[in-house]
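Engineer: Sending over a structure as structure tokens; questions will come in a sec.
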Amino acid sequence: MTMKEFGVTSGGNLRCRGWRQEGLLRLLENVLSVGEDPANLVVYAALGKAARDWPSHDAIVHALTTMHDDETLIVQSGKPIGVVKTHERAPIVIMANCNIVGQWAKADEFYRLEQDGLICWGGLTAGDWQYIGSQGVIQGTYEIFRRIAEQHFNGDLTGRLILTSGLGGMGGAQPLAGRLAGAIILCVEVDESRIKRRIESGYLQDQATDLDDALRLAEQARAAGEARSIGLCGNAADIFPELLHRGVAPDIVTDQTSAHDLIYGYIPRGLSIDEARAMRQSDPGGLSKLSLASIARHVQAMLDFREKGSVVFDNGNLIRTQAQTAGVSSAFDIPIFTEAYLRPLFARGIGPFRWIALSNDKNDLSRIDDYLLKTFSDNPSVVNWITLARQHVPVEGMPARIAWLGHGDRTKVALAVNRMVREGVLSGPVAFTRDHLDAGAMAHPNIMTENMKDGSDAIADWPLLNAMLACSSQADLVAIHSGGGGYAGYMTSAGVTTIADGSSEADERLSLTLTNDTSLGVMRYADAGYSESFNEIQKSNIPYINLR
Ligand code: NAD
């Protein structure tokens, strides 16, 4: 199958009985069109898949194109199980992806189930067709860099060097986020094709020929006071220690390799990509050990940079957990980005909200940008982000935008957009969704919920409640995900998508879904004792029962 076949559909022709089904079908096409390995249904993060296998994919497409508004498609780990009669206010699709019973939720059991064709991992936004390309995490990464700038560099990253690795589906957002934040960013990536892909998509500027060339390009940018993104082909477990050895002192250090997966994700030093791939079949246990040893070296270098004064943080890939297993006892001295930089936003229900123009018409995105700039003119962070994004963030797949909006604002935008669809201001419907890494939607004790004030890190009730609430609120797609590969047993999360098709029913669906989603998020943080949440509850009249 060639890449050309993974396109998206444009315009107003419906292949389904309505826009709710058609919209979800277009989102499925979209995640494959921007995915890392669509021929194998892999969207990102090494094994995050859009469907279990091709027969499952085709059966999902068939179900979406034939089902009525009063029916619901049930998907179990990427495989359609049945279309049942429900009612017109029920979700069109419900999913449970990769949920394994507690004691069995381990990487080895996941791989066995996966190889036996019984399960697949949906990542966060892959399995439920919400991924919008590298853009999906770009604002989050940008906000982290901006917060570091404020906390450590007087708000200015000019001339500052960020060192990171991994230019995959999500990590590919780093070079553009770093550049937009005003820094020089050096990204080490072991797979040269990923570097070329990010250059082609406009996320990365240069590829250095070797480490000397990378440092020369960084120095040139520093001298000129320019923001710059530089890709370097190499293994982070070699390059990070080599930079230390040379006495290079980056200002900020992080990593976004697929370190969570020791077999299908992280590439150990000393192995070519082909050699690592071959070992996946011939000696997965040996490969896993090599990955752990390299991660130990990689994280030790991050700790050494920290010792020398760099601001170092974990960007949500379980690399500290793996390093700790490999014997790096101080790995958790490195803070997680959520706790260090973003938690005050989550506590107010502000998080990675996004929308996708189902018409595939870029003008629709632009009209929504205009609306946001006008409506939020008194909110500098929204104005700053939308201005930057419309100028610099390339369109990947269907036109989509991410914007960190909070309680009330999400509903306001969605209702305005639904009105714009109804009045013909936009050329087609728009899907509203968000990352699972959102206030009420994820329990992940080593990423999202690490060091919660009340110690509630591992309680997965919140994402489960979130999904049930989304169903009760008439969302169009609701999914419950748990971790696969190295994430098995580490996380549970919930995803939700609702289509603004211009109807009055969509007004109700959007209003209930989005308002209740962020309400639960704020209540979750209030329940854990975050003062920002209590302020939001008071300001927005969120019906929290306070028994604290
Ligand atoms: P991906 O599998 O698409 O890309 C990972 C990249 O790392 C690949 O390009 C791979 O070649 C490269 N790589 C592997 N080992 C390497 C090494 N030793 N040195 C240099 N490069 C190496 O994964 P992704 O979607 O980009 O996600 C990356 C990680 O980030 C995952 O663990 C994912 O779960 C996590 N993640 C975090 C967030 C967040 O909110 N912070 C969001 C999404 C994903």
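The values are calculated or read from the model by the stated rules, or taken from the named source; none is laboratory data. Computed from a predicted model, the values in this text were never measured in an experiment. In this analysis, Cβ positions are derived from the backbone assuming ideal geometry, glycine residues included, and neighbour counts consider all displayed protein chains.
Engineer: Look at Glu71 and say whether it is closer than 21 Å to Gly133 by Cβ and of a type in the set (Asp, Glu).
Structural biologist: Working: closer than 21 Å to Gly133 by Cβ: no; of a type in the set (Asp, Glu): yes.
Against the criterion (closer than 21 Å to Gly133 by Cβ and of a type in the set (Asp, Glu)), Glu71 does not qualify.
Engineer: Can you find, within region 100-135, the residue that is surrounded by the most Cβ atoms within 10 Å (Cβ to Cβ) among those that are part of a helix (DSSP H, G or I) and of a type in the set (Gly, Ala, Ser)? Before you say what the answer is, go through the steps one by one.
Structural biologist: Keep residues of region 100-135 that are part of a helix (DSSP H, G or I), which gives 102-104, 107-115, 134-135.
Narrowing further to those that are of a type in the set (Gly, Ala, Ser): 102, 107, 134.
Working: Gly102: 8, Ala107: 20, Ser134: 29.
Looking at residues that are part of a helix (DSSP H, G or I) and of a type in the set (Gly, Ala, Ser), I get Ser134.
Engineer: Let me ask something else. Among the listed residues Ala293, Ala276, which satisfies the condition of being farther than 19 Å from Ile447 by Cα, surrounded by 14 or more Cβ atoms within 10 Å (Cβ to Cβ) and within 10 Å of the ligand (Cβ to nearest atom)?
Structural biologist: Numbers: Ala293 fails: within 10 Å of the ligand (Cβ to nearest atom).
Within the list Ala293, Ala276, the selection yields Ala276.
Engineer: Exactly one of these conditions fails for Arg26: (1) closer than 30 Å to Arg194 by Cβ; (2) away from the ligand (no atom under 16 Å from the Cβ); (3) not in a helix (DSSP H, G or I). Give me its number.
Structural biologist: So the condition that Arg26 fails would be (3).
Engineer: Being within 26 Å of Leu318 (Cβ to Cβ) and free of Cβ contacts under 8 Å to residues at least 24 places away in the same chain is true for just one of Trp104, Trp121, Trp54. Which residue is that? First the steps, then the outcome.
Structural biologist: On the way: Trp121 fails: free of Cβ contacts under 8 Å to residues at least 24 places away in the same chain; Trp54 fails: within 26 Å of Leu318 (Cβ to Cβ).
Being within 26 Å of Leu318 (Cβ to Cβ) and free of Cβ contacts under 8 Å to residues at least 24 places away in the same chain holds for just one of Trp104, Trp121, Trp54, which is Trp104.
Engineer: Another one. Residue check: is Leu477 assigned by TED's automatic domain parsing to the domain that holds Gly408, surrounded by 24 or more Cβ atoms within 10 Å (Cβ to Cβ) and under 22 Å from the mean Cα position of the chain (by Cα)?
Structural biologist: Numbers: assigned by TED's automatic domain parsing to the domain that holds Gly408: yes; surrounded by 24 or more Cβ atoms within 10 Å (Cβ to Cβ): yes; under 22 Å from the mean Cα position of the chain (by Cα): yes.
Against the criterion (assigned by TED's automatic domain parsing to the domain that holds Gly408, surrounded by 24 or more Cβ atoms within 10 Å (Cβ to Cβ) and under 22 Å from the mean Cα position of the chain (by Cα)), Leu477 qualifies.
Engineer: Right, something else. Filter region 303-339 for residues that are within 18 Å of the chain's Cα centre (by Cα) and assigned to a helix (DSSP H, G or I); which is nearest to the ligand (Cβ to nearest atom)?
Structural biologist: So in region 303-339, the residues within 18 Å of the chain's Cα centre (by Cα) come out as 313-319, 336-339.
Pick out the ones that are also assigned to a helix (DSSP H, G or I) and you get 319, 337-339.
Working: Ile319: 8, Phe337: 6, Thr338: 8, Glu339: 12 Å.
Per the stated criteria, the residue is Phe337.
Engineer: Check whether at least one residue in region 498-505 is buried (at least 21 other Cβ atoms within 10 Å of the Cβ), over 17 Å from Trp355 (Cβ atoms), of a type outside the set (Asp, Glu) and out of contact with any helix residue (DSSP H, G or I) (no Cβ under 8 Å at 6 or more places or on another chain), and report yes or no.
Structural biologist: There is no residue in region 498-505 that is buried (at least 21 other Cβ atoms within 10 Å of the Cβ), over 17 Å from Trp355 (Cβ atoms), of a type outside the set (Asp, Glu) and out of contact with any helix residue (DSSP H, G or I) (no Cβ under 8 Å at 6 or more places or on another chain).
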